[in-house]
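Everything on this sheet refers to the single structure shown next.
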Amino acid sequence: PKGHFYKWEVEYMFWSPDGVENVVMGINGRFPGPTIRARAGDIIHVELHNKLHTEGVVIHWHGIRQLGTPWADGTAAISQCVINPGETFSYRFTVDRAGTYFYHGHYGMQRSAGLYGTLVVDVAEGEKEPFHYAGEFDLLLSDWWHKSVHQQEVGLSSNPLRWIGEAQSLLINGRGQYNCSLYSKNAQNDCNIKGGEQYAPYILHVLPNTTYRIRIASTTSLASLNFAIGGHKMLVVEADGNYVMPFMTNSLDIYSGESYSVLITTNQKPNNYWISAGVIGREPQTNQALTILNYKPISASKLPKLPPPATPQWNDTDRSKAFSNKVLAHMNTPKPPKNYDRRVILLNTQNKLNGLTKWAINNVSLSLPATPYLGSMRYGLHGAFDQANPPENYPQDYDLMNPPVNPNTTIGNGVYKFGFKTTVDVILQNANTLSNVSEVHPWHLHGHDFWVLAYGEGKFTNKDEKKFNLKNPPYKNTAVVFPHGWTALRFVADNPGVWAFHCHIEPHLHMGMGVVFAEGIERLGEIPHQALACGLTGTSFMDTNKH
Ligand code: C2O
Ligand code: CU
């Protein structure tokens, strides 16, 4: 195993992600941040210096389980204190498993401000992937607003709510086009890209008759996307850092927090082809993200003959479900335990709190405490958060198909505590919002992978257990719950630490759509002081100077 050392500085900078100059949160002067590339078993060491003038910062390594290093998970108020302006924090962790990952800010809405980048883990030296390819491309998908995150955040915390609306642009590797289109026959609207612009597309230059791996990760703030390559079929081989049973598809649904690898073979007529990503799951008001698959030696500036792949109907949920159901585990994937020890049913609703719009889970809207859980639980500082167990179910007569009858939520910061190594089933239960619709929510679990046992419709009942796939359920860290439906997940609570489990839609999390899980606290070793220098852990650290 090798060590990889990086010195990073986070700061705001001027940038034109889509041709409109704006302020983004960059790392070492770049947007998106630098790509991390390592091999399974390697150690990543990032020394993160906060050069923002008035905000704290943290970085979460999405999909990395942080076995033995829960303090390096990079979640503000959960695994660590925020890094204050001028301060430096050392993230040191092992990337234990090959796969496609990314990293992003996990404080306030800093991911939406552009704090993200790609993290790729190759197989360990001497190991082989279960497939072959000659070249690789890494694509990180995101959505971009012209309004600052501060303005977005104030809107979400205002009465009446000012919703962030739909994105101005979709970005591929931080590049999109707002005022112009790459696909335009009328020169006026043409982007006139020379290639050096910050918003010039990231082009995939390929050789004919060659197989490539394309890694696709989505760190969108809001958008669920459908990704396609004109004229080419894709073979899906990996999802969220685990191999899947390979399947062919013309297009790929990817929700915020997910990652996939696909293989393509450039066996079409030598030409240029459009690569597109468009919004699904919400009525789109944003142009597709576009870039080009360029067969060498043809000029990349030649317009493709075929039009960009059309994004499927945004509300065709049956198609989306059919896609999600095609993702099944590769035969070497760990199998789920046959039975569960504990079942937690999490109903999501939209409610009001003193006139503010919130998301709640079993009628509790998450509001993080001032002292990070990891430190307060490790050192038994019971005053740091609500010690009562959060609700594990909801009233069985609840009507999912109507707006909430009880429009008022409570706020809370309680923790679901699991016995070490217990098998936990989580049923995500979707419902209606205050405006009488049901939305798509991609839920992401920190510190673990879970098996996705089933996606179902309506209200989950015990009878639905029959539908669980215990044979080859996909092993993932993010799974979607469809409108008015449920999703059943199973995981083993075998990673000592405190872990966020939340909707990966940034404004939803910000409005309270998350919960906190903890296990094996008694097994935790010392936590680096740097992670504890705030709240009650900060005070007790100063008093005793012994932690
Ligand atoms: Cu990528 Cu807690 O999220
Ligand atoms: Cu959500």
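All of the numbers you see were taken from the coordinates with simple rules; none came from a lab. Owing to the predicted nature of the structure, the values given are computational and were not obtained by experimental measurement. Cβ atoms come from the backbone with ideal geometry, glycine included; neighbour counts cover every protein chain shown.
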What are the equivalent ellipsoid semi-axes of the stretch 297-386, built from the alpha-carbon gyration tensor (square roots of five times its eigenvalues), in whole angstrom, biggest first?
43, 25, 20
5 angstrom amide H check on Ser169, placed H, neighbours 5+ away:
Trp144
So what is the calculated 222 nm ellipticity per residue for the chain, using -39500 (n - 2.57) for each DSSP H run with n of 4 or more, over all residues, to the nearest 500 deg cm²/dmol?
-2000 deg cm²/dmol
Pairs Lys147/Lys358; Lys51/Lys194; Lys321/Lys476; Lys421/Lys471: which are spaced more than 28 Å apart, C-alpha to C-alpha?
Lys51/Lys194
Along the stretch 281-288, Karplus-curve 3J(HN,Hα) (6.51, -1.76, 1.60; θ = phi - 60°) to the nearest Hz, with x for Gly and Pro, reads x, 9, 4, x, 10, 10, 5, 4
Set Lys and Arg Cβ to +1 and Asp and Glu Cβ to -1, take the dipole of the chain about its Cα centre, and tell me which of Phe102, Tyr379, Ile411 lies farthest positive.
Phe102
In nm, what is the difference between 0.36 nm times the number of residues separating Ile411 and Asp494 and their Cα-Cα distance?
27.0 nm
Label point distance in nm, Phe420-Asn472, each placed 7 Å from Cα along Cα→Cβ
3.6 nm
For the chain, give me every cysteine whose Cβ has no other Cys Cβ within less than 4.7 Å, ordered by residue number.
Cys503
Suppose every K and R has +1 on its Cβ and every D and E has -1 on its Cβ; what is the size of the dipole of the stretch 10-69 about the Cα centre, in Debye to the nearest 20?
300 debye
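Over the stretch 23-119, calculate the relative contact order: mean separation of alpha carbon pairs under 8 Å at least 6 apart, over the residue count, as a percent.
On the way: 191 pairs, mean separation 39.1, N = 97.
Taking the mean separation of contacting Cα pairs over the length of the stretch 23-119, I get 40 percent.
Mind putting a number on the dipole of the chain about its Cα centre? Charges go on the C-beta only, +1 for Lys and Arg and -1 for Asp and Glu, and I need it in Debye to the nearest 20. Before the final figure, lay out the partial values.
Values: 45 positive and 45 negative charges, 221 e Å.
It comes to approximately 1060 debye.
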Within 10 Å of each candidate Cβ there may be at most 15 other Cβ atoms; applying that plus a DSSP loop requirement, which GluC sites (Glu not before Pro) in the stretch 66-148 survive?
Glu87, Glu125, Glu127
If we sort 254-263, 424-433, 345-354 on the protection proxy, mean other Cβ atoms within 10 Å, highest first, what's the order?
254-263, 424-433, 345-354
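Kindly provide the Kirkwood hydrodynamic radius of the stretch 310-448 in Å, to one decimal, from all pairs of distinct alpha carbon atoms. Mind dumping the intermediate values first?
On the way: mean 1/r = 0.0557 Å⁻¹.
Its Kirkwood hydrodynamic radius stands at 17.9 Å.
Express as a percent, rounded to the nearest 5, the fraction of DSSP beta bridges in the stretch 5-91 (both residues included) that run antiparallel.
Values: 12 of 19 bridges.
Restricted to the stretch 5-91, the bridges split so that about 65 percent are antiparallel.
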Using the Karplus equation 6.51 cos²θ - 1.76 cosθ + 1.60 (θ = phi - 60°), what ³J(HN,Hα) coupling, rounded to whole Hz, does each residue of the stretch 81-92 give in order, writing x for Gly and Pro?
6, 5, 7, 6, x, x, 8, 10, 10, 9, 9, 9
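What order do you get for 452-459, 299-306 when each peptide is scored by the mean count of other beta carbon atoms within 10 Å, highest first? Mind dumping the intermediate values first?
Details: 452-459: 19.6, 299-306: 13.1.
Highest-to-lowest ranking by the protection proxy: 452-459, 299-306.
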How big is the charge dipole of the stretch 341-465 about its Cα centre, in debye rounded to the nearest 20, if each Lys and Arg gets +1 on its Cβ and each Asp and Glu gets -1 on its Cβ?
380 debye
Given the chain, what percent of its DSSP beta bridges are antiparallel, to the nearest 5?
75 percent
Cross-link partners of Lys463 among aspartates and glutamates (Cα-Cα below 19 Å; sequence separation of 8 or more within a chain)
Asp341, Glu392, Asp397, Asp399, Asp425
How would you rank 357-370, 215-228, 37-50, highest first, on the average number of other Cβ atoms within 10 Å across their residues?
215-228, 357-370, 37-50
Separation in nanometres of the label points that stand 7 Å from Cα toward Cβ, at Asn189 and Asn332:
4.8 nm
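When the chain is fully extended, how far beyond the present Cα-Cα distance does Tyr133 get from Phe247, taking 0.36 nm per residue of separation? Please report the intermediate quantities before stating the final value.
On the way: separation 114, 0.36 × 114 = 41.04 nm, distance 1.60 nm.
Going from the current span to full extension adds 39.4 nm.
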Whichever lysines have a C-alpha closer than 16 Å to that of Lys305, once near sequence neighbours (fewer than 8 apart) are set aside:
Lys185, Lys269, Lys296
Which lysines, if any, have their Cα less than 24 Å from the Cα of Lys2, not counting same-chain residues under 8 positions apart?
Lys128
Pair Asn209, Glu9: separation of 7 Å Cα→Cβ label points (nm):
5.1 nm
